[in-house]
Structures are given as structure tokens and as C-alpha cells.
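Down below is the structure, laid out as C-alpha cells.
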Amino acid sequence: MPANIGINVQERCYFWLHTHDASGIVHVEAPQQRDFTLGQFFAIWGQQLSATQLLNKTVDAGHQIKVTVNGVEVSGDPSQIKLQDKISIVVQYGPPFATPPSYNFGG
């Protein structure tokens, strides 16, 4: 995923959900504790995410969307996945599907 999703660099404006770099880490920096979903992040990004669509790709007879949270496959609408501290969410369109990488959050 690209750097600076949810950041207007020229205006120095940050959405509460954003990326700083292309590492794939989504930062949640809100003025108060509240729940956010993966779908809200994709909306800020301006991209599609649902049980049948990932970016510009749609589920069809030969393709599906596979989602893992902390390495465990989950079903349902990925846009409803709650963002939590130090969890790994991998959304793939395929096949083929790669083995989700592990990430060391350092602590």
C-alpha cells in the first residue's frame, strides 16, 4: 500500500487513519479512543473493499478474496474488520494466494 494515504502533505492535514510510508502499517491517531474499521481506512484511501471487491478487482468464478487476521483466515466482509493495535491484516485477491508474511511489531 502506498505512503501518505490519509495525509495531505501540502496542507499538513492528517486523517485519523493514515500511512506514513509503504510498509503497510496503518496508523490510528485519533483525539479520543474509538473503534475504526478496515473499510473506513479504504474509504479514506478512495479504494473499494467488500466481500466481493478489492480495489478494482471483483470476485468472479475464477477469483476470490482471502483475508487473514494474525495469520488466521477469516470470512465475511473485510471492510468490517476492526482495526486494533499490533494486528496483521492481509487481504488478497486470487488465486494464487501467497502465505501471509509475519510482522514483528517490536515489543
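One line per residue, one yes/no per condition, for (1) free of Cβ contacts under 8 Å to residues at least 40 places away in the same chain; (2) among the polar types (S, T, N, Q); (3) out of contact with any Leu (no Cβ under 9 Å at 6 or more places or on another chain); (4) closer than 20 Å to residue 92 by Cα:
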position: 3; (1), (2), (3), (4): yes, no, yes, yes
position: 13; (1), (2), (3), (4): yes, no, yes, no
position: 17; (1), (2), (3), (4): no, no, no, no
position: 52; (1), (2), (3), (4): yes, yes, yes, yes
position: 61; (1), (2), (3), (4): yes, no, yes, yes
Legend entry - Subset of the stretch 29-42 (residues that are out of contact with any helix residue (DSSP H, G or I) (no Cβ under 7 Å at 6 or more places or on another chain) and in a helix (DSSP H, G or I)): 40, 41
Inset, instruction - Among the candidates 51, 43, single out the residue that is surrounded by 12 or more Cβ atoms within 10 Å (Cβ to Cβ), of a type outside the set (D, E, K, R) and under 11 Å from the mean Cα position of the chain (by Cα). - result: 43
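A quick yes/no check of all residues on (1) in contact with a Gly (Cβ under 6 Å, 6 or more places away or on another chain); (2) free of Cβ contacts under 8 Å to residues at least 24 places away in the same chain; (3) surrounded by 12 or more Cβ atoms within 10 Å (Cβ to Cβ):
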| residue | (1), (2), (3) |
| --- | --- |
| 21 | no, yes, no |
| 66 | no, no, yes |
| 70 | no, yes, yes |
| 76 | no, no, no |
| 92 | no, no, yes |
| 106 | no, yes, no |
Inset, instruction - Would you check if there is a residue in the stretch 46-61 being charged (D, E, K, R), modelled with pLDDT of 95 or more and touching a Gly at 6+ places or on another chain (Cβ under 8 Å)? - result: no
Legend entry - In the stretch 88-107, residue farthest from residue 56 (Cα to Cα) [restricted to those that are of a type in the set (Gly, Ala, Ser) and assigned to a loop (DSSP other than H, G, I, E, B)]: 107
Legend entry - Test result for residue 33, closer than 25 Å to residue 7 by Cα and surrounded by 12 or more Cβ atoms within 10 Å (Cβ to Cβ): no
Inset, instruction - Could you run through the stretch 43-87 and say how many residues are out of contact with any Pro (no Cβ under 9 Å at 6 or more places or on another chain), part of a helix (DSSP H, G or I) and under 17 Å from residue 19 (Cα atoms)? - result: 2
Legend entry - the stretch 94-104, subset under 24 Å from residue 43 (Cβ atoms) and modelled with pLDDT under 95, residue surrounded by the most Cβ atoms within 10 Å (Cβ to Cβ): 100
Inset, instruction - Could you please give the count of residues in the stretch 63-78 that are touching a strand residue (DSSP E or B) at 6+ places or on another chain (Cβ under 9 Å), farther than 19 Å from residue 41 by Cα and not polar (S, T, N, Q)? - result: 3
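The values are calculated or read from the model by the stated rules, or taken from the named source; none is laboratory data. Here the structure is a predicted model, which means the values were calculated and not measured. Positions of Cβ are backbone-derived with ideal geometry, glycine not excepted, and every protein chain shown enters the neighbour counts.
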